[in-house]
């Protein structure tokens, strides 16, 4: 099994520096988890585990 991660972020909530740091942390987390999962066998028909983090501001929620 493999973990796939993605992020959707709003500059309304985070600064550019925060976004870069969060993206870097996410890539590191994904690598660590995938290193742990790569040699494990699960009796389930799942090849990829997808995880999408979404951080939006209040205005984005109200206008959607």
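The values are calculated or read from the model by the stated rules, or taken from the named source; none is laboratory data. Small disclaimer: the values here were computed from a predicted structure and weren't measured. Reconstructed Cβ throughout: ideal geometry from the backbone, glycine too, with neighbour counts over all protein chains shown.
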#### Entry: Matching residues, the range 28-64, being surrounded by 13 or more Cβ atoms within 10 Å (Cβ to Cβ), assigned to a helix (DSSP H, G or I) and modelled with pLDDT of 90 or more
29, 30, 33, 34
### Query
If you take the residues of the range 1-18 that are in a loop (DSSP other than H, G, I, E, B) and touching a helix residue (DSSP H, G or I) at 6+ places or on another chain (Cβ under 8 Å), which of them is farthest from residue 36 (Cα to Cα)?
12
